[in-house]
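Participant: Got a structure for you, written out below as structure tokens; questions coming shortly.
The values are calculated or read from the model by the stated rules, or taken from the named source; none is laboratory data. Just so we're clear, the structure is a prediction, and the values are computed from it rather than from any experiment. Virtual Cβ from ideal backbone geometry, glycine too; neighbours counted across all protein chains shown.
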């Protein structure tokens, strides 16, 4: 089955860019998602990209997909303290399909 | 648009007791998921419904967990009897096309 991996922790200064990385194993994963989880809350869908795209930009968020290496990244421009949270990458083979999540990357934003 | 509703938010029970969680998905979403999130880990799928039919329950511990989705709308997840290792956040999500939208979750503590 699908296996999704992420680094555990990232610390950045306020105003800098953050880049959170993710790798997945199943080449049939055609939908790739980024979720944000704040303490005590559910998961908030931030953005997603289809496997026929290389890049997607949505305001301060940029998603890059390297299908050959099965590597996904989320760049947050001008990172703010409110961006401090755990970010999960998830992969799915189709719409309304099972999402397989990584272990999450904790983003810490320092002043 | 109302989000995914879950109740209760918190539950503390003793081991070997039973517990039930309720979920009301976003109106019109045919796909409903139950995920288990153990502290420090990513969510893991327990069961996926399409309308009122089960699509995937391969990771559901069927000797103690059960779930139903009557009339293809609300869903209930039950654990009977609970074990200490069932302590986790139980997340319900629903989906229409791309991505899954999550509720706030129910934090279960088994003592």
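Participant: With the requirement that a residue be assigned to a loop (DSSP other than H, G, I, E, B) and more than 15 Å from residue A:85 (Cα to Cα), what does the stretch A:38-55 give you?
Facilitator: The answer is A:51, A:52, A:53, A:54.
Participant: While we're on this one: Condition first: modelled with pLDDT of 95 or more, under 15 Å from the mean Cα position of the chain (by Cα) and under 27 Å from residue A:9 (Cβ atoms). Can you find one or more residues in the stretch B:15-25 that meet it?
Facilitator: Scanning the stretch B:15-25 turns up no residue that is modelled with pLDDT of 95 or more, under 15 Å from the mean Cα position of the chain (by Cα) and under 27 Å from residue A:9 (Cβ atoms).
Participant: Taking the condition surrounded by 13 or more Cβ atoms within 10 Å (Cβ to Cβ) and modelled with pLDDT of 95 or more, does residue B:60 pass?
Facilitator: yes
Participant: Check whether at least one residue in the stretch A:56-67 is more than 10 Å from chain B (Cβ to nearest Cβ), without any contact (Cβ under 8 Å) to a residue 12 or more places away in the chain, assigned to a loop (DSSP other than H, G, I, E, B) and over 12 Å from the mean Cα position of the chain (by Cα), and report yes or no.
Facilitator: Looking through the stretch A:56-67, at least one residue is more than 10 Å from chain B (Cβ to nearest Cβ), without any contact (Cβ under 8 Å) to a residue 12 or more places away in the chain, assigned to a loop (DSSP other than H, G, I, E, B) and over 12 Å from the mean Cα position of the chain (by Cα).
Participant: Oh, and also: Which one of these does residue A:76 not meet: (1) in contact (Cβ under 8 Å) with a residue 24 or more places away in the chain; (2) touching a helix residue (DSSP H, G or I) at 6+ places or on another chain (Cβ under 9 Å); (3) surrounded by fewer than 17 Cβ atoms within 10 Å (Cβ to Cβ)?
Facilitator: It fails just one condition, (3).
Participant: I would also like to ask the following. Go through the stretch A:42-73 and count every residue that is surrounded by fewer than 14 Cβ atoms within 10 Å (Cβ to Cβ) and either touching a helix residue (DSSP H, G or I) at 6+ places or on another chain (Cβ under 6 Å) or more than 19 Å from residue A:92 (Cα to Cα) (or both).
Facilitator: Here the count works out to 3.
Participant: Can you work out which of the residues in the stretch B:80-98 that are farther than 15 Å from residue A:41 by Cα and buried (at least 21 other Cβ atoms within 10 Å of the Cβ) is modelled with the highest pLDDT?
Facilitator: Among residues in the stretch B:80-98 that are farther than 15 Å from residue A:41 by Cα and buried (at least 21 other Cβ atoms within 10 Å of the Cβ), the one modelled with the highest pLDDT is B:82.
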